[in-house]
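In what follows, a structure is listed as structure tokens, so that the remarks can point back to it.
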Amino acid sequence: MPNKISFIYSPNFSQKKRNSKDIQFIILHYTGMKNDKESIKRLTDIKSSVSCHYYIDQNGKILVMVPDLYVAWHAGKSKWKKLKSLNKYSIGIEISNPGHEQNYKNFSNKQLFSIKKILHFLIKKYKIKLENILGHSDIAPTRKKDPGEKFPWKDLSKKKLCLWHTIRLDKLIKFRNQKISGIKRKLFFRNLSKIGYDTTNLNKNSKYIIKAFQRRFRPELINSNLDEEVYLISKNLISK
């Protein structure tokens, strides 16, 4: 367990204990609230029905809110591959950040240090696959944007703490905004389905799904347009 951990318990969790083998995912969130005081109040308020296992405050301090072997209420309605309701199978980490609705900002160096520490610890303890380190927007793209495009997925991947593609940016950039064929569009969503995204209702949700994928793997431009760059990234990820 990383040093400098404190405990502020939330009542918002399921009473039945789970087996450690049930823990297959780590879901990363931002709080979307102005400050730590407001965030902690909401996460510990029984009326809110939301919580997390770990909370990282603005100064990088790690708080335990729900013990790992209990199901915290952080993911809500969600899906990844064949699994629904990811709460049952995941550990939720909330990171203090005002979010897109309230002056979304960069995560601090102190927060990033703690994120790396806690991810390293949890991945090793529960033998979690790197492709199962996800953002809330990955598992609920129509509802959520967090942890957002400012979250350093690429940096974390260099420490073997999450999945990232292996194509250099200078190679990719020339394909940005290049239109793709209808066949490649179908292949793109097939690739996303293989990665884990829910592609069951594309007529209604395709733009949300594209944006979620862009936030995660092409954060420089999030526009819901499916171009050659985004397609190539999806192709690279399923080849891993």
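A few remarks follow.
- Across the cross-link table entries Lys16/Lys144; Lys17/Lys204; Lys129/Lys179; Lys129/Lys207; Lys159/Lys186, which are compared at the Cα atoms, the separations over 30 Å belong to Lys17/Lys204; Lys129/Lys179; Lys159/Lys186.
- Mean Cβ count within 10 Å, highest first, over the residues of peptides 12-23, 79-90: 79-90, 12-23
- For Asn106, net neighbour charge (Lys/Arg +1, Asp/Glu -1) across residues whose Cβ lies under 15 Å away: +1
- Relative contact order of segment 98-173, pairs being alpha-carbon contacts under 8 Å that are 6 or more residues apart, as %: 31
- Legend: P(r) of segment 100-148 from all alpha carbon pair distances, 10 Å bins from 0, whole percents, reading 21, 41, 34, 4.
- Theoretical ellipticity at 222 nm over the chain - DSSP helices of four or more residues, -39500 (n - 2.57) apiece, nearest 500: -10000 deg cm²/dmol
- Evaluated with a Cβ-only charge set (Lys, Arg +1; Asp, Glu -1), segment 169-238 carries a dipole of roughly 160 debye about its Cα centre, given to the nearest 20.
- The mean sequence distance of close C-alpha pairs (under 8 Å, at least 6 residues apart), as a share of the length of segment 18-115, puts its relative contact order at 39 percent.
- Furthest towards positive pole of dipole, Ser78, Pro147, His136, structure part segment 5-158, Cβ charges: Ser78
- Sequence-separation-based contact order of the chain, relative, with Cα cut under 8 Å and 6+ spacing, percent: 20
- Net charge of neighbours whose Cβ lies under 10 Å from the Cβ of Arg176, counting Lys and Arg as +1 and Asp and Glu as -1: -2
- The chain: most fluctuating residue of Leu69, Leu202, Leu122 per GNM, C-alpha cutoff 10 Å: Leu202
- Per-residue ³J(HN,Hα) for segment 221-226, Karplus 6.51 cos²θ - 1.76 cosθ + 1.60, θ = phi - 60°, Hz, x for Gly and Pro: 8, 10, 9, 6, 8, 8
- Within-12-Å neighbourhood charge of Asn19 [Cβ basis; K, R +1; D, E -1]: +3
- Dipole magnitude (debye, nearest 20) for segment 69-166, charges at Cβ of Lys, Arg, Asp, Glu: 420
- Couplings 3J(HN,Hα) of segment 127-142, computed from phi: 6, 7, 5, 4, 6, 9, 9, 10, x, 4, 5, 5, 9, 8, x, 7 Hz, in residue order, whole Hz [Karplus 6.51 cos²θ - 1.76 cosθ + 1.60, θ = phi - 60°; x for Gly and Pro].
Values in this text are rule-based calculations from the coordinates and carry no lab data. All values derive from a computational prediction rather than experimental measurement. Virtual Cβ from ideal backbone geometry, glycine too; neighbours counted across all protein chains shown.
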